[in-house]
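Visitor: Here it is, the structure, as structure tokens.
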Amino acid sequence: MKTFLLIGAVLVSGCATITRGSEDVLQIVTQPSGAQVQTSNGMSCASTPCALKMPRRSDLVVTISKPRCQTAQVNVTHRTADAGAAGMAGNVLVGGLIGLAVDAGSGATQELVPNPVTVNLNCR
């Protein structure tokens with residue numbers, strides 16, 4: 001019986017990490033479309049709309065540019081997601097201190113905000 005409980009505790013440790021993962025997809029949408037995107041953490045996409053997979057615990061600046069349009073910058077940060085909080089609560093209920101540490105360390109309880117990044121470019 002103790003072995004069964006131990007196996008169960010290990011399986012549910014890090015609930016949010018298992019169910020949500022440590023990465024999120026940041027969507028970037030512009031009006032007009034077709035803008036280039038560069039992030040302060042080194043990621044980019046050639047044309048909007050686009051999506052970039054990045055760590056949920058990211059803090060970054062998204063720079064959006066297009067010929068004949070004013071360059072725009074958007075700060076993206078992270079916060080505890082509702083689903084992430086539920087995963088942490090599951091760890092507390094089961095008594096999984098290891099799970100709490102895993103979820104907090106992996107960033108699985110977080111989500112990127114704003115997401116999607118939506119920008120209306122000022123074009124000539």
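The values are calculated or read from the model by the stated rules, or taken from the named source; none is laboratory data. All values derive from a computational prediction rather than experimental measurement. Heads up, the Cβs are rebuilt from the backbone with ideal geometry, glycines too, and the neighbour counts pull from every protein chain shown. When the accessible area is computed, the model is the full protein with side chains, heavy atoms only, and any ligands, DNA or RNA have been set aside. Shrake-Rupley method; radii C 1.70, N 1.55, O 1.52, S 1.80 Å.
Visitor: Is there any pair with a first residue in segment 47-68 that is at positive phi and a second that is surrounded by fewer than 20 Cβ atoms within 10 Å (Cβ to Cβ) whose Cβ atoms are under 9 Å apart and which are 6 or more apart or on different chains, and what are they?
Guide: Arg68/Cys123; Arg68/Arg124
Visitor: If you go through segment 62-81 one residue at a time, do you hit one that is of a type in the set (Val, Ile, Thr), part of a loop (DSSP other than H, G, I, E, B) and open to solvent by 60 Å² or more (accessible area, probe 1.4 Å)? Steps first, please.
Guide: Initially, segment 62-81 is screened for residues of a type in the set (Val, Ile, Thr), giving 62-64, 71, 74, 76-77, 80.
Now drop any that are not part of a loop (DSSP other than H, G, I, E, B), which leaves 71.
When the remaining residues are screened for being open to solvent by 60 Å² or more (accessible area, probe 1.4 Å), the result is 71.
Checked against the condition, which is being of a type in the set (Val, Ile, Thr), part of a loop (DSSP other than H, G, I, E, B) and open to solvent by 60 Å² or more (accessible area, probe 1.4 Å), segment 62-81 yields at least one hit.
Visitor: With respect to Ser47, determine if the residue is open to solvent by less than 20 Å² (accessible area, probe 1.4 Å), in contact with a Gly (Cβ under 9 Å, 6 or more places away or on another chain), at pLDDT 55 or above and not in a helix (DSSP H, G or I).
Guide: no
Visitor: Taking the condition in contact with a Lys or Arg (Cβ under 7 Å, 6 or more places away or on another chain) and at pLDDT 95 or above, does Val119 pass? Explain how you work it out, then say what you get.
Guide: Numbers: in contact with a Lys or Arg (Cβ under 7 Å, 6 or more places away or on another chain): no; at pLDDT 95 or above: yes.
Judged against the criteria, Val119 is not a match.
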